[in-house]
Amino acid sequence: MSKYIAVAGKGGVGKTTFTALLLRQMVHRKKGTSILAVDADPNANLGEALGLNVTSTISELLEQSKDPKAIPEGMPKNIFIEYKLQQSLVESKEIDLLVMGGPQGAGCYCYPNDILRKHLENIGENYDFVAVDSEAGLEHISRRTIPRIEVMFVISDSSARGIRSAGRVHDLIRGLKSAVQTIFLIVTKTTEGSMESLREEIDRTGLTVIGDIPLDPLVVEYDLAGKPLFDLPDDAVSVQAVDSILNRAGIFN
């Protein structure tokens, strides 16, 4: 059975950076492992962080299903949507990627979302791991588009405001009563003394801290140059921190 991993948190805290490095370590440590990455953030940039070229998003393709003229004559609507969903998969040697994208216009997406849910359930089981870079609002989790989650990492930067936001994400997940088995907190962009100064705020969230990721000049350098974070060297402090987090979380158990 596939293991589903989700990454959540407000914008700008390092969700995509962590997701990219999580996927990097999966590939480097488990050769031959099949991995599906899902970019569920409307501000989609996981493809860039992985060095993958994304030409279309699922929401763009699903928008076409709302126009009867776009569907070939004689083709059932559900078959057309499934065909478009297959087209949206970015395939590579190491990781396949689905990009959700943002809303494309007015109207109900209930039917396409139902098809998308079934599509993810079907193709997800073809992979050892499915890793989801979630949007801040957790819409795809609340709508059960993502069928289940074995491990969720809630990301915060090293600020009191960020920790409080992570606590609200935690409350939202519990309120949804969704199928999330284990939830961990990760604090990013830390410097010496950051974790100690945030201890009281962290305790209030009720989240278990699985680790922190120090501020890494190489991540800043790669972002400025537009280089994939997937290509960071093994000795980068962020890569080493993520590797330690995966060990403690038992991802590969």
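The values are calculated or read from the model by the stated rules, or taken from the named source; none is laboratory data. Only a predicted model underlies this, so the values are computations on that prediction, with no experimental measurement involved. Cβ atoms come from the backbone with ideal geometry, glycine included; neighbour counts cover every protein chain shown. With ligands, DNA and RNA removed, areas are computed over all heavy atoms of the protein, side chains included. Shrake-Rupley method; radii C 1.70, N 1.55, O 1.52, S 1.80 Å.
Here is how the numbers come out for the structure above:
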{"read-out": "Qualifying positions in the stretch 57-70 - part of a loop (DSSP other than H, G, I, E, B), open to solvent by 30 Å² or more (accessible area, probe 1.4 Å) and touching a residue at least 40 places away in the same chain (Cβ under 8 Å)", "value": "66"}
{"read-out": "Search result, residues across the stretch 11-56 that are over 19 Å from residue 93 (Cβ atoms) and part of a loop (DSSP other than H, G, I, E, B)", "value": "11, 12, 13, 14, 40, 41, 42, 43, 44, 45, 56"}
{"read-out": "Search result, residues across the stretch 153-164 that are open to solvent by 10 Å² or more (accessible area, probe 1.4 Å) and not in a helix (DSSP H, G or I)", "value": "157, 158, 159"}
{"read-out": "Count of the stretch 78-91 residues which are without any contact (Cβ under 8 Å) to a residue 24 or more places away in the chain and open to solvent by 60 Å² or more (accessible area, probe 1.4 Å)", "value": "4"}
{"read-out": "Test: residue in the stretch 165-177 that is touching a residue at least 40 places away in the same chain (Cβ under 8 Å) and open to solvent by 20 Å² or more (accessible area, probe 1.4 Å)", "value": "no"}
{"read-out": "Within the stretch 227-238, tally of residues that are in contact (Cβ under 8 Å) with a residue 60 or more places away in the chain, part of a helix (DSSP H, G or I) and either under 17 Å from the mean Cα position of the chain (by Cα) or surrounded by fewer than 17 Cβ atoms within 10 Å (Cβ to Cβ) (or both)", "value": "3"}
